[in-house]
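Just so it is clear, none of the values below were taken in a lab; they were calculated from the coordinates. From a predicted model like this one, the values you see are computed outputs, not experimental measurements. Neighbour counts run over all protein chains shown; Cβ positions are idealised from the backbone, glycine included.
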Amino acid sequence: MPLSYVPIQTIPPSSCPHINQLHNPPAGTLPSAIPLVAQYPIELLAVQSEMESFYKIEDPSKRTFPSLYSFRQPQNLDEYLKLKAKHAKVTAREESNGLGDRRYQGLLSHGHNKVRKLEDFAKDLSKSIFE
């Protein structure tokens, strides 16, 4: 039977719950569904331009943060670093799924070390911009 003859069932909009596709979770919470988050970088070289954008692009709506996929858009560099710490936690949880608490703690520590490097870069960047 050709597809053109298959009847299409539609669900009336009133029976579907309203889902806001642009919903951003509040600060301090982890998103409930994080597709492929473990594949997005935390390393300094990968996100350096994102961090510099806080000083180079004045309009926050024009800044992009591909490495924070599925997280809300940060308004300042401190918020960005907090989201990167959450990103490290989520990545550790995803990569250690089913491997035990010891593996999770090791991956979390490794992720937090990466975030510390980002924080050091942010301090140096701030100093160089305001000198």
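A compact table of results
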{"quantity": "Amide N proximity, region 43-84 versus HIS110 label position 7 Å along Cα-to-Cβ, cut-off under 19 Å", "calculated": "43-47, 84"}
{"quantity": "Whole-Hz ³J(HN,Hα) from phi, Karplus 6.51 cos²θ - 1.76 cosθ + 1.60, for region 97-103, glycine and proline x", "calculated": "3, x, 9, x, 5, 4, 5"}
{"quantity": "Gyration tensor (alpha-carbon) shape descriptor, region 37-130, a/c threshold 1.5", "calculated": "prolate"}
{"quantity": "Qualifying GluC sites (Glu not before Pro) in region 51-130, DSSP loop, other Cβ atoms within 10 Å at most 14", "calculated": "GLU58"}
{"quantity": "Length added when fully stretched, ARG93-ILE57, from 0.36 nm per residue minus Cα-Cα", "calculated": "9.7 nm"}
